[in-house]
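Below is one structure; the comments refer to it alone.
The values are calculated or read from the model by the stated rules, or taken from the named source; none is laboratory data. Model, not experiment: these values are computed from the prediction. Because the Cβ atoms are built from the backbone with ideal geometry, glycine has one as well, and the counts that use them run over all protein chains shown. Heavy atoms of the whole protein, side chains included, go into the accessibility calculation; ligands, DNA and RNA do not. Shrake-Rupley method; radii C 1.70, N 1.55, O 1.52, S 1.80 Å.
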Amino acid sequence: MPHNITVVGAGYVGLTTAACFSKMGHKVVCVDKDEKKIKLLKKGKSPIYEPGLEELVKEGLRKGSLVFTTEMEKGVKNSTVIFIAVGTPPKENGEADLSSVEDVARNIGYHMKEYKLIVEKSTVPVRTYQWIRRIIQMYNKYNAPFDIACNPEFLREGSAVKDFLHPDRVIIGVESEKAKKLLLEIYEPLHAKVLVTNLSSAELIKHASNAFLAMKISFINAVSVICEKAGADVLEVAEGIGLDRRIGREFLNPGVGFGGFCFPKDLSAFMHISKELGYDFKLLQEVLNINEGQKLRFVKKIKETLWNLNGKTIGILGLSFKPNTDDMRFAPSIDIIYYLKNEGAKIKVYDPQAMEKAKRIDALKDVKFCKNPYEVAKGSDCIAIVTEWEEFKNLDLTKIKKLMRVPVIIDGRNIYEPEKMKKMGFFYKGIGR
Ligand code: UGA
């Protein structure tokens with residue numbers, strides 16, 4: 001059954017949610033106060049690179065089922081169900097900054113004249129719904145009835161549209177039958193597994209999921225260190241433990257550490273709220289420590305190979321925190337380049353999508369941005385693979401070898417086979433093998 005839906009926030013989660021709901025047959029208004037972004041979206045252009053998203057935006061605009069606006073009042077008036085999908089960035093102390101959520105909730109309260117279902121889509125600390133309810137009650141000048149629900153999103157950047165339309169599960173945290181019925185109807189077209197919970201559980205499921213996934217990555221990164229010392233191959237170990245269905249193979253790929261706008265900030269926010277509730281979640285601190293250590297270990301590997309980095313040219317392949325996205329937020333590449341520059345290295349970089357965003361980052365101002373991987377290779381003393389873009393897996397390695405000053409490849413994502421690389425004459429090191 002088609003519904004009128006408003007999504008507030010046109011970031012990764014908000015825009016994907018709005019575009020996918022319109023694809024699912026609903027009528028959607030997407031509100032964002034960033035005028036530049038809305039102007040772009042009205043022309044059918046996505047402000048972020050995300051496979052399939054721009055096509056859905058264009059389709060929604062053409063069918064008239066997706067409208068973009070900066071006016072909150074229009075968004076509130078139009079729909080019974082309003083999703084809050086604004087950013088919850090980290091504060092200095094790791095706590096989630098909920099001021100945008102508060103601002104939206106206040107505005108909804110102020111403009112609503114009849115029943116509304118307000119749904120938390122943004123990642124928020126447990127019990128945020130109580131604050132949302134309080135603030136809406138305070139500003140509810142027409143005394144309109146309302147419900148609050150929590151419907152966390154589990155999409156990954158780079159496969160956001162696919163993840164949204166084919167989720168492992170849909171979590172619906174509610175406290176009324178009416179709210180449950182509305183959300184079940186909205187998600188009905190996906191035929192997905194739905195779990196209905198109370199509001200606190202739904203909020204907690206999101207933080208606990210991200211923390212668990214990050215823990216898996218740090219676990220395998222720690223195991224990769226032991227593998228190197230013991231002569232084991234971490235990929236074989238990951239496969240061996242991943243075959244146990246209780247563990248699973250996914251998220252057991254060692255690398256240069258996790259980044260992005262979700263794991264680092266959500267771990268910090270989860271630790272912070274845990275402390276507030278009286279529990280010191282030390283395990284999560286260790287997950288972050290291992291992650292930081294992984295970047296340093298990667299730089300150390302380059303140093304151990306080249307001895308001295310002062311004056312050497314290091315070519316970096318991949319800047320975004322993962323492939324298929326141009327997102328540079330909390331990308332491990334930024335810290336890695338910073339450490340290498342501190343050692344006196346000259347840096348050349350290439351990324352298939354993230355270079356425009358990377359150019360705006362202060363720490364990357366004096367690096368040389370190249371047109372392709374071969375330009376990076378030319379005259380380099382080492383190539384460091386930081387993001388596992390498909391393009392890098394299919395490089396002409398013979399050409400790369402000829403172009404480099406010395407054929408050293410330090411592969412932070414294990415995209416090449418060590419034996420094959422050695423046979424080709426490269427000094428090659430992967431992670432944990
Ligand atoms: C993550 C979660 O996977 C999503 O379910 C969640 O919805 C999202 O956060 C969010 O909270 O919004 P995302 O950050 O887009 O998604 O990307 P992931 O694919 O999870 O990768 C995160 C980081 O972990 C990347 O830097 C990636 O390179 C790294 N990673 C991932 C590894 O180092 N090893 C792995 O095996 C998997």
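Shape verdict for segment 4-197, please, from the Cα gyration tensor: rounded (a/c under 1.5), prolate (a/b greater than b/c) or oblate.
On the way: a/c = 1.31, a/b = 1.23, b/c = 1.06.
Judged from the Cα gyration tensor, segment 4-197 comes out rounded (a/c under 1.5).
Tally Lys and Arg at +1 and Asp and Glu at -1 over the other residues with C-beta under 15 Å from the C-beta of K77: what net charge comes out? Walk me through the numbers on the way to the answer.
Values: positive: K27, K74, K113, K116, K141; negative: E71, E73, E114.
Summing Lys/Arg as +1 and Asp/Glu as -1 gives +2.
Using helices alone, I'd like the mean residue ellipticity at 222 nm for the chain: each DSSP H run of four-plus residues gives -39500 (n - 2.57), total over residue count, nearest 500.
Details: 18 runs with 198 residues, N = 433.
Dividing the helical sum by the residues of the chain leaves -14000 deg cm²/dmol.
Rounded to two decimal places and with Rh computed the Kirkwood way over Cα pairs, what is Rg over Rh for the chain? Don't skip to the answer; put the middle values down first.
Details: Rg = 23.4 Å, Rh = 23.2 Å.
My calculation of the ratio gives 1.01.
Based on the Cβ-Cβ distance of E102 and K423, what FRET efficiency does E = 1/(1 + (r/R0)^6) give at R0 = 60 Å, to the nearest 0.05? Present the calculation step by step, with values, prior to reporting the outcome.
Details: r = 59 Å, r/R0 = 0.99.
The computed FRET efficiency comes out at 0.50.
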> For all pairs of alpha-carbon atoms in segment 156-300, what percent lies in each bin of width 10 Å, listed from the first bin to the last filled one?
Replying inline: 10, 30, 33, 20, 6, 1
> Over segment 4-197, what is the percentage of antiparallel beta bridges among all DSSP beta bridges, to the nearest 5?
Replying inline: 5 percent
> Quick one: putting +1 on the C-beta of Lys and Arg, -1 on the C-beta of Asp and Glu, what dipole do you get for segment 230-325 around its Cα centre, in Debye to the nearest 20?
Replying inline: 320 debye
> When the chain is fully extended, how far beyond the present Cα-Cα distance does E356 get from E185, taking 0.36 nm per residue of separation?
Replying inline: 57.5 nm
> Label S201 and E71 with points 7 Å out from Cα along Cα→Cβ: what is the distance between them in nm?
Replying inline: 4.1 nm
> Taking 0.36 nm per intervening residue step and subtracting the Cα-Cα distance, what contour gain separates K91 from I241 on full extension?
Replying inline: 50.3 nm
>> Full-extension gain between W131 and K399, please, as 0.36 nm times their residue separation minus the C-alpha to C-alpha distance.
In response: 90.6 nm
>> Could you tell me which residue out of I82, F68, Y139 lies farthest along the dipole of segment 4-197 toward its positive end? Charges go on the beta carbon: Lys and Arg +1, Asp and Glu -1, centred on the Cα centre.
In response: F68
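List the GluC sites (Glu not before Pro) in segment 335-384 that DSSP assigns to loop (not H, G, I, E or B) and whose Cβ has at most 16 other Cβ atoms within 10 Å. Which are they? Present the calculation step by step, with values, prior to reporting the outcome.
Details: sites: E343, E356, E375; in loops: E343.
The qualifying sites are E343.
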>> Let me check something: with ligands and nucleic acids excluded, how do V225, V234 order by accessible area (1.4 Å probe), largest to smallest?
In response: V225, V234
> Any idea what angle helix 12-23 forms with the longest principal axis of the chain, computed on alpha-carbon atoms, 0 to 90 degrees, nearest 10?
Replying inline: 60 degrees
>> Give me the percent relative contact order of segment 162-238, please, defined on Cα pairs under 8 angstrom at least 6 residues apart.
In response: 28 percent
